[in-house]
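A.B. asks: Just passing along the structure, written as structure tokens.
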Amino acid sequence: MKYVRSILPPVLVGVLAIALWELIVTAGRIAPFILPAPSAIWAQLVEQRDNVVDAALASGANALVGLIGGTVVAVLAALATSRSKLLSDVAVPYAAVVNALPIIALAPILNNMFDSTSSLPRRVVAGIIAFFPVFINTLRGLREVDPTHRELMASYAAGSWTFARLVRLPGALPYVFTGLRQASSLAVIAAVVAEYFGGLQDGLGARITSAAAFTAYPRAWAFVVGACALGLVFYLTTLLLERLATPWKHL
Amino acid sequence: MTAVSIAGVSKVFNAGRPDEVTALSDVDLTVDSGQFVSLIGPSGCGKSTLLRLVADLIDPTSGTVTVAGKPAAQARRDQEYGIAFQQAGLFEWRTVRRNVELPLELRKLPRAARKEKAEEMLALVGLADFAGHYPAQLSGGMQQRVAIARALAVHPPLLLMDEPFGALDEMTRERLQGELLQICAKTGTSTVFVTHSISEAVFLSDKVVVMSARPGRITATIDIDLPGRDEAARQSPAYFEHVTAVRKALRA
């Protein structure tokens, strides 16, 4: 009942918005290359469902590998950075520079660096994009240690690795997930958009560009819907993992 | 047998800098085995600093601190003491039982033994039914009891407490004082207890150490001799006499 009440309003708004969209497009005779009707997109989605699923799986695999790789590197980098004053003085400005870089712009360069049958360039782009939010948030979490916890662990004569494992890492876990929530959607966007710049063409991005090139706009939109669904799956999976990994935050 | 022996200890913070502070000056103190000693004094008198010196969380500038017959640093490595602070300092990501288990985990006790010990300690502080809860689900008083159970889990011969009841309401505070005394009597633990409260110090202690500030030093040591340590003792003439004595010493 509680779930119904919280889910019903957004669903209702969504249905109304799609109905309104359909009405405006058909009644206003808007050309399909400007905005196709939802019914036309749906028809394409049904017709192309195997292609959409295949492309989404390919892009999803790229995003997942990038996300996991970027997250692992980011957590390790944050651990190292939080331990050393010198490293944090050097690393944080560089991380900011990397973040300011339009990472997607690296895609064509990476595509040329590797074989055109390699999935690696898209995965690297997704990984770099996922890195920054996880790194910054984890670093903040690792630095926020309760002084009482510090004294307590000192009284137990705990070494620095024991301290990191038992106090700093679990304490930083909610922060890691804050970063991961942002990174999960970003990794999907990166994996899809990286395909616009060449490389192996088996994902959603390639499908969208080729459909648009053939002026098959409803089909292009059908793949956009697929990309949207993929992003949602990533985001919701992250939320679920967060709930499982930090039960004390959700009592 | 002496639990704690402090000889000629001074502590200077920020030595040689403009903000140099002499937190403790030439302090001598002995805590006998099984004794309950309170440190009382105004803010800045160095009572928490003294406790941290015993715990070897900071080093003395001069003098020696001996705990259980060995240097404080060695005693800390051997986990000769359990410690509780004003903040319960529980780990929010661990259940109540796993919080109490932590010092045992660091001592590499097997899982089953840890669990048994932790449950025994939780029963001792009356929280057996809350073993599976997270700290956020407990009241402040219950969290403080978990912290005491954790401090006692390794059966330390010495218990160090830094205003552990400072943040609690009067009713909870008095109940926990009673529980603490029972636990100490049952386990034979020596205790060093830092407090702001005269009545708390008198009710709990065998000996009240009165300190004054700038520089932090011991100005009086008052032996407390009460007929008992129950509710009746809080109303006894002896209790009020000791309270007056401590108050006078603090004003002196």
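A.B. asks: Of all chymotrypsin sites (Phe, Trp or Tyr not before Pro) in region B:82-171, which ones are in loop regions per DSSP and have a Cβ with at most 10 other Cβ atoms within 10 Å?
C.D. replies: Those that pass, being in a loop and sparsely packed, number zero.
A.B. asks: Enumerate the whole-percent occupancy of each 5 Å bin, from 0 to the last occupied one, for all C-alpha pair distances of region B:32-117.
C.D. replies: Percent of Cα pairs in each bin: 3, 11, 17, 19, 19, 16, 10, 4, 1, 0.
A.B. asks: Given an 8 Å cut-off on Cα distances and at least 6 residues of separation, report the relative contact order of chain B as a percent.
C.D. replies: Result for chain B is 26 percent.
A.B. asks: Quick one: grab Rg to one decimal and Dmax as a whole number for region B:91-155, Cα atoms only, in Å.
C.D. replies: Reported Rg and Dmax, both Å: 10.4, 30.
A.B. asks: Would you mind computing Rg(Cα) / (2.2 N^0.38 Å) for region A:1-107, counting N as its residues?
C.D. replies: The reported ratio for this selection is 1.76.
A.B. asks: Further question on the same structure: What angle do you read, to the nearest 10 degrees and between 0 and 90, between the alpha-carbon axis of helix A:169-193 and the longest principal axis of chain A?
C.D. replies: 30
A.B. asks: Just round it to a whole percent: the fraction of Cα-Cα distances in region B:1-144 exceeding 27 Å.
C.D. replies: 38
A.B. asks: Here's another thing I want to ask about it. Kindly identify region B:133-244 as rounded, prolate or oblate by the Cα gyration tensor criterion: order the square roots of the eigenvalues as a ≥ b ≥ c, call it rounded if a/c is under 1.5, otherwise compare a/b with b/c, prolate if a/b is larger, else oblate.
C.D. replies: prolate
A.B. asks: Among the lysines, which have Cα under 20 Å from the Cα of residue B:248 when same-chain residues fewer than 8 positions away are ignored?
C.D. replies: By straight Cα distance, residue B:248 reaches B:47, B:207.
A.B. asks: What Kirkwood radius, in Å to one decimal, follows from the Cα pairs of chain B?
C.D. replies: 18.7
A.B. asks: Over the Cα atoms of the protein assembly as shown, what is the Rg over Rh ratio if Rh follows Kirkwood?
C.D. replies: Rg divided by Rh gives 1.16.
A.B. asks: Could you pull out the longest piece of chain B with no exposed loop trypsin sites (Lys or Arg not before Pro) in it, calling a site exposed if DSSP puts it outside H, G, I, E, B and it has at most 15 other Cβ atoms within 10 Å?
C.D. replies: Result for the longest clean stretch: B:109-252.
A.B. asks: Let me ask something else. Considering the Cα trace of region A:197-251, what is its radius of gyration and what is Dmax, both in angstroms?
C.D. replies: 16.8, 52
A.B. asks: How far is helix A:85-100 tilted off the main Cα axis of chain A, in degrees rounded to 10, range 0 to 90?
C.D. replies: 10
A.B. asks: Of the DSSP beta bridges with both residues in the protein assembly as shown, give the percent that are antiparallel, rounding to the nearest 5.
C.D. replies: 55
A.B. asks: Going by how many other Cβ atoms sit within 10 Å of their own, how do A:217, A:235, B:81 line up, fewest first?
C.D. replies: So the residues, fewest neighbours to most, are A:235, A:217, B:81.
A.B. asks: Still on this structure, please answer the following. For the protein assembly as shown, what does -39500 (n - 2.57) per DSSP helix run (n ≥ 4), summed and divided by total residues, give at 222 nm, in deg cm²/dmol to the nearest 500?
C.D. replies: For the protein assembly as shown, the value works out to -18500 deg cm²/dmol.
A.B. asks: Another question about this same structure. How many angstrom separate the Cα center of region B:41-113 from the Cα center of region A:193-251?
C.D. replies: That distance is 52 Å.
A.B. asks: Where does helix B:96-106 land angle-wise versus the long Cα axis of chain B, in degrees 0 to 90, nearest 10?
C.D. replies: 70
A.B. asks: Measure out, as a whole number of angstrom, how far apart the alpha-carbon centroids of region B:205-220 and region B:120-138 sit.
C.D. replies: The two parts, judged by their Cα centres, are 35 Å apart.
A.B. asks: Would you list, by chain and number, the aspartates and glutamates whose Cα falls below 17 Å from the Cα of residue B:115, excluding same-chain residues fewer than 8 positions away?
C.D. replies: Straight-distance partners of residue B:115: B:101, B:105, B:129.
A.B. asks: What base-10 log of the normalised intensity I(q)/I(0) is obtained for region A:92-205 from the Debye formula, alpha carbons as equal point scatterers, at q = 0.17, 0.20, 0.21 Å⁻¹?
C.D. replies: Each listed q corresponds, in turn, to -0.82, -0.97, -1.03.
A.B. asks: Right, another one. If you wrap a convex hull around the alpha carbons of chain A, what volume per residue comes out, as a whole number of Å³?
C.D. replies: Enclosed volume per residue, from the Cα hull, is 163 Å³.
A.B. asks: Which distance in nm do the two modelled labels at residue A:144 and residue A:61 give, with both placed 7 Å along the Cα-to-Cβ direction?
C.D. replies: Inter-label distance under the simple model: 3.9 nm.
Taken together, the values in this text are just the output of simple stated rules run on the coordinates, not laboratory data. Predicted model only: the values in this text are computed from it and were never measured. Please note: Cβ atoms are built from the backbone with ideal geometry, for glycine as well, and neighbour counts cover all protein chains shown.
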